[in-house]
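As structure tokens, the structure follows; a few thoughts come after it.
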Amino acid sequence: QIIDEEETQFMSNCPVAVTESTPRRRTRIQVFWTAPPTGTGCVILKASIVQKRIIYFQDEGSLTKKICEQDSASEGVTDKPILDCCACGTAKYRLTFYGNWSEKTHPKDFPRRTNHWSAIIGSSHSKNYILWEYGGYASEGVKQVAELGSPVKMEEEIRQQSDEVLTVIKAKAQWPAWQPLNVRAAPSAEFSVDRHRHLMSFLTMLGPSPDWNVGLSAEDLCTKDCGWVQKVVQDLIPWDAGTDSGVTYESPNKPTVPQEKIRPLTSLDHPQSPFYDPEGGSIKLVARVVIERIARKGEQCNIVPDNIDDIVADLAPEEKEEDDTPETCIYSNWSPWSACSSSTCEKGKRMRQRMLKAQLDLSVPCPDTQDFQPCMGPGCSDEDGSTCMMSDWITWSPCSVSCGMGTRSRERYVKQFPEDGSMCKVPTEETEKCIVNEECSPSSCLVTEWGEWDECSASCGTGMKRRHRMIKMTPADGSMCKAETTKAEKCMMPECHTIPCLLSPWSEWSDCSVTCGKGMRTRQRMLKSAAELGDCNEELEQAEKCMLPECPIDCELTEWSQWSECNTSCGKGHMIRTRMIKIEPQFGGTACPETVQRTKCRVRKCLRGPGMEKRRWKEAREKRRSEQAKKNIDSEQYPVCRLKPWTAWTECSTLCGGGIQERYMMVKKRSKSTQFTSCKDKKELRACNVHPC
């Protein structure tokens with residue numbers, strides 16, 4: 001719609017386009033625009049700028065704007081229907097969280113010292129349990145994550161829904177909120193889904209903040225073709241849990257009473273908000289989450305097969321054949337390979353180490369001093385033509401009983417058959433006894449099966465690993481539940497090679513210690529090996545000189561001389577005073593101000609009579625003669641210092657970036673009197689070629 005007919009009009013040859021009404025120079029055109037009905041899709045707005053009849057600009061940069069419907073998350077209510085899942089077996093996924101919240105991307109009021117992401121907490125679950133959703137109210141667990149960054153209560157709530165939850169998703173907090181991926185890996189966690197528990201949700205607090213989070217709610221990983229989603233990439237904006245009314249990152253606690261519904265933050269919430277935009281634009285994304293399927297287990301029933309074969313994806317990458325170690329890095333020989341961390345046909349890893357002896361060129365980084373290689377237990381190598389390549393074991397099935405002793409099983413499949421054509425004799429199924437709720441009595445409590453073991457606490461040598469289970473129901477007689485919910489045992493990783501000087505790569509050089517001229521810069525590295533392995537005498541910090549453009553030199557002047565006598569003997573005249581340049585400005589320094597000043601002076605009135613005028617002229621002539629005679633007498637008694645004229649300026653010392661020119665005034669005749677010891681050659685400097693190179 002046209003806003004102002006005096007300024008704008010519809011184009012005659014293109015009725016949907018709006019142009020100016022008057023041919024004058026302008027920078028914008030305004031129109032009313034109404035969005036199409038829901039479900040129409042995206043709309044593209046285009047602007048054209050005509051310079052001449054044959055020269056115009058269209059589509060470039062911001063001249064084209066694509067506007068799409070806000071999804072249901074942005075409208076404040078999660079209204080997408082959750083369908084029943086028809087997929088078979090189970091699928092294993094890896095969640096990776098990439099934070100994009102930093103002072104560079106969100107500069108307004110950014111909390112420099114305390115910015116962080118809280119620990120990630122979530123689960124894979126059924127549609128009968130919802131962790132959080134837009135338009136819903138935050139539970140106590142969600143509130144504690146949103147306001148305190150604490151996942152403890154949230155995890156407790158998740159474990160209480162044990163029948164509806166398959167995997168608890170957890171990942172560590174990140175302090176600070178953003179670092180390059182080559183400095184700190186993105187946090188990740190693995191989880192599984194099945195036909196009943198095919199949804200996943202998670203959240204993490206953007207801290208510090210009143211009650212702001214990011215996350216996914218009830219993300220469905222089951223496809224309508226009865227398969228499992230290959231990959232999900234979702235950009236995230238912050239949302240408000242509705243429990244605190246603060247509007248800035250570090251607002252004091254201000255509980256929202258009554259509690260409000262969970263809603264996404266917008267750029268028009270409050271002028272003091274760090275995301276405020278008076279034009280109502282979308283909030284710049286603060287994070288991205290990537291969910292990738294890494295394995296499928298059990299018999300699958302996809303109607304449409306996947307484009308990528310999981311078996312191929314599971315195969316270990318080939319070893320590099322070429323050694324890419326720079327010639328400037330001098331290492332010791334590699335240590336022997338450690339024993340494989342797996343004693344079965346499951347995938348493990350082995351490690352070898354070497355020591356960096358010298359780095360001849362500090363500008364060329366040296367590769368890592370540790371090398372890892374995938375491996376399997378004895379008799380399971382894929383180099384043996386008569387052996388099978390097997391997949392990882394699928395998660396144990398539920399115990400066959402809910403109380404007492406039963407059995408459970410797990411399976412794996414053949415990834416690659418023997419090259420010699422023989423049959424695989426490696427078992428593909430395992431069965432073991434399981435005990436659930438050892439005592440089946442009113443005083444016993446109902447617990448879930450044990451979860452999978454956590455990762456080993458050590459990266460090499462001996463460590464500890466733990467696994468957990470949850471209490472499903474307390475004893476019927478009201479007594480305390482005595483069943484243990486955590487179990488720990490030792491675990492072995494590849495042996496730690498005893499190199500006393502296992503060092504990290506050098507860090508980047510620091511900034512120069514000065515802003516101009518000569519300074520110093522440093523870099524560091526860290527000792528990674530344990531102190532008990534012996535003393536390490538390698539240097540951990542290096543320093544070198546650095547040179548920045550010369551510091552500017554300002555002009556320096558002497559003090560003003562005394563005012564001269566008035567230049568007239570009667571009537572109006574002027575007096576002057578001067579000062580000398582001691583140091584010429586160099587390298588862009590402050591220019592010299594004036595060196596001569598003039599001021600008015602007035603002597604007695606001049607008499608207009610011709611006789612008086614002649615008399616005054618005669619007196620002035622006599623005065624000049626007497627002064628000259630006095631100077632001649634003084635010069636005979638005290639010979640003066642005579643100097644030659646100034647020489648020409650020398651050539652500039654540099655072609656650009658600020659150089660120096662010099663000129664000299666040499667003594668022509670030097671007095672022999674000891675009273676004139678100050679009679680010396682003179683030298684002047686000035687800046688030249690101050691333009692940058």
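Descriptive notes on the structure:
- Of all residues making up the stretch 172-191, the number that are open to solvent by less than 20 Å² (accessible area, probe 1.4 Å) and more than 11 Å from ALA119 (Cα to Cα): 3
- Which numbered condition TYR249 fails, given (1) part of a loop (DSSP other than H, G, I, E, B); (2) open to solvent by 30 Å² or more (accessible area, probe 1.4 Å); (3) of a type outside the set (Gly, Ala, Ser): (2)
- Residue in the stretch 264-285 that is in contact with a Lys or Arg (Cβ under 7 Å, 6 or more places away or on another chain), at pLDDT 80 or above and of a type in the set (Ser, Thr, Tyr) present: no
- Conditions (1) touching an Asp or Glu at 6+ places or on another chain (Cβ under 8 Å); (2) open to solvent by 40 Å² or more (accessible area, probe 1.4 Å); (3) in contact (Cβ under 8 Å) with a residue 24 or more places away in the chain; number of the one not met by SER126: (2)
- Of all residues in the stretch 469-510 being in a strand (DSSP E or B) and not aliphatic (A, V, I, L, M), the one that is modelled with the lowest pLDDT: LYS472
- Note on the stretch 1-117: enclosed strands (runs of 3 or more DSSP E) holding 3 or more residues that are at pLDDT 75 or above and within 39 Å of the chain's Cα centre (by Cα) are 43-46, 64-67, 90-99.
- Set ILE308, ILE294: member being in a loop (DSSP other than H, G, I, E, B), among the β-branched types (Val, Ile, Thr), modelled with pLDDT under 95 and closer than 30 Å to GLY89 by Cα: ILE308
Residue-wise test of (1) under 27 Å from the mean Cα position of the chain (by Cα); (2) free of Cβ contacts under 8 Å to residues at least 60 places away in the same chain.
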position: LYS170; (1), (2): yes, yes
position: ALA173; (1), (2): yes, yes
position: ALA189; (1), (2): yes, no
position: VAL193; (1), (2): no, no
position: SER217; (1), (2): yes, no
position: GLN230; (1), (2): no, no
position: PRO238; (1), (2): yes, yes
position: SER245; (1), (2): no, yes
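- If you check SER400, SER422, SER341, SER335 for being small (Gly, Ala, Ser), assigned to a loop (DSSP other than H, G, I, E, B) and at pLDDT below 75, only one passes: SER422.
- Pairs with Cβ under 6 Å, 6+ apart, first in the stretch 462-489 and within 30 Å of ALA339 (Cβ to Cβ), second open to solvent by 70 Å² or more (accessible area, probe 1.4 Å) and assigned to a loop (DSSP other than H, G, I, E, B): GLY463/SER457; MET464/SER457; LYS465/TRP453; LYS465/ASP454; ARG466/ASP454; ARG467/TRP453
- Pairs, first closer than 16 Å to ARG263 by Cβ and part of a loop (DSSP other than H, G, I, E, B) in the stretch 137-157, second open to solvent by less than 40 Å² (accessible area, probe 1.4 Å) and of a type in the set (Val, Ile, Thr), C-beta under 8 Å, six or more apart: TYR137/ILE262; ALA138/THR243; ALA138/ILE262
- Residues considered: PRO210, PRO264. Of these, the only one that is in contact (Cβ under 8 Å) with a residue 24 or more places away in the chain and either under 18 Å from SER118 (Cβ atoms) or among the polar types (S, T, N, Q) (or both) is PRO210.
- Residue match in the stretch 455-462 (condition: under 28 Å from GLN161 (Cβ atoms) and modelled with pLDDT of 80 or more): yes
- Residue check for LYS254: assigned by the TED database to the domain that holds LEU148, open to solvent by 20 Å² or more (accessible area, probe 1.4 Å), out of contact with any Gly (no Cβ under 8 Å at 6 or more places or on another chain) and among the charged types (D, E, K, R): no
- When the residues of the stretch 570-592 are filtered to those that are open to solvent by 70 Å² or more (accessible area, probe 1.4 Å) and over 18 Å from LYS682 (Cβ atoms), the one that is modelled with the lowest pLDDT is LYS572.
- Selection from the stretch 348-369 of residues that are touching a residue at least 24 places away in the same chain (Cβ under 8 Å) and open to solvent by 40 Å² or more (accessible area, probe 1.4 Å): LYS349, ARG350, ARG352, MET355, LYS357, LEU360, ASP361, LEU362, VAL364, PRO365, PRO367, ASP368
The values are calculated or read from the model by the stated rules, or taken from the named source; none is laboratory data. The structure displayed is predicted, hence computed values, not measured ones. Using ideal geometry, Cβ is built from the backbone for each residue, glycine included, and neighbour counts are taken over all protein chains shown. Each accessible area value is taken on the protein alone, full model and side chains, heavy atoms only, with ligands, DNA and RNA left out. Shrake-Rupley method; radii C 1.70, N 1.55, O 1.52, S 1.80 Å.
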